[in-house]
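Accompanying notes for the structure given below.
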Ligand SMILES: [Zn+2]
């Protein structure tokens, strides 16, 4: 009797330990499965398998050329004035340029961040513009309330990187037109655009352009009700440029 008791106790203890281990491994397995499912969900979302957003646009996935690149967007007139102002017949303000710019800049930044880019939205006369070094800067504006339609973009007239800026301009003209369906409106590119103040503030080696995304008059529906399309145009233009630059770097190192 005396010699059996410790043996029984030890056997019971061993069973208990086995039970606890079994339960712990089951819990561990559940936690592992849950985290695997979580990781798969996050990966699927980042890779663009998410549901289309309210505008029927699929969120973009990670883009190698954009990954960890610094992109700056100027939300035209932000922190300064209203820009173009549309009034009704009684002179009441119906729409201001600054609010349209901000809406599209916000959506474009969201899209670009999903590709892995690091995006900052700047005010019109943001202090950070001074000597700014980024992969690309795009200033977003819209045109007046007249009944005209179309977009146009310009780069610095006295740029020291004219070829790079030309490639940026080509990307804007192709990608923005494709995403929005808007025609190119060339006859209204002004000195205000080619000698835009921000071009003189940033580092001269920073590729930069100013984009007039459409007219508040003729393109109002697109700019306000389908602003996600304009944002896609902006983001696609920047991705086109970054991808082109990456190919050029690869070519040079070959
Ligand atoms: Zn403007």
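Here, each number is a calculation from the coordinates, and none is a lab measurement. It should be emphasised that the depicted structure is a prediction, and the values quoted were computed from it without experimental measurement.
For the chain, taking Cα atoms only, Rg and Dmax work out to 27.4, 107 Å respectively. With angles folded into 0 to 90 degrees, how steeply does helix 97-114 sit against the dominant principal axis of the chain? Use alpha carbons for both and round to 10. Orientation of helix 97-114: about 40 degrees from the principal axis.
Reducing region 82-142 and region 205-254 to their Cα centroids gives an inter-centroid distance of 13 Å.
Largest GNM mean-square fluctuation across 73, 223, 21, computed for the chain with C-alpha springs under 10 Å, falls on 21.
Taking the Kirkwood radius as Rh and the Cα radius of gyration as Rg, region 93-140 has a ratio of Rg/Rh equal to 1.01. Calculate how steeply helix 162-180 sits against the longest principal axis of the alpha-carbon atoms of the chain, using the helix alpha-carbon long axis, and give the answer as 0 to 90 degrees to the nearest 10. Once rounded, the angle reads 80 degrees. Think of it as helices only: each DSSP H run of n ≥ 4 in the chain is worth -39500 (n - 2.57), and spread over all residues that comes to -15500 deg cm²/dmol at 222 nm. Using only Cα atoms, tell me the angle between helix 5-46 and the longest principal axis of the chain; keep it within 0 to 90° and round to the nearest 10. On a 0 to 90 degree scale, this one is about 10. Extent along the principal axes, Cα only, for region 180-254: 48, 26, 20 Å, with the longest axis given first.
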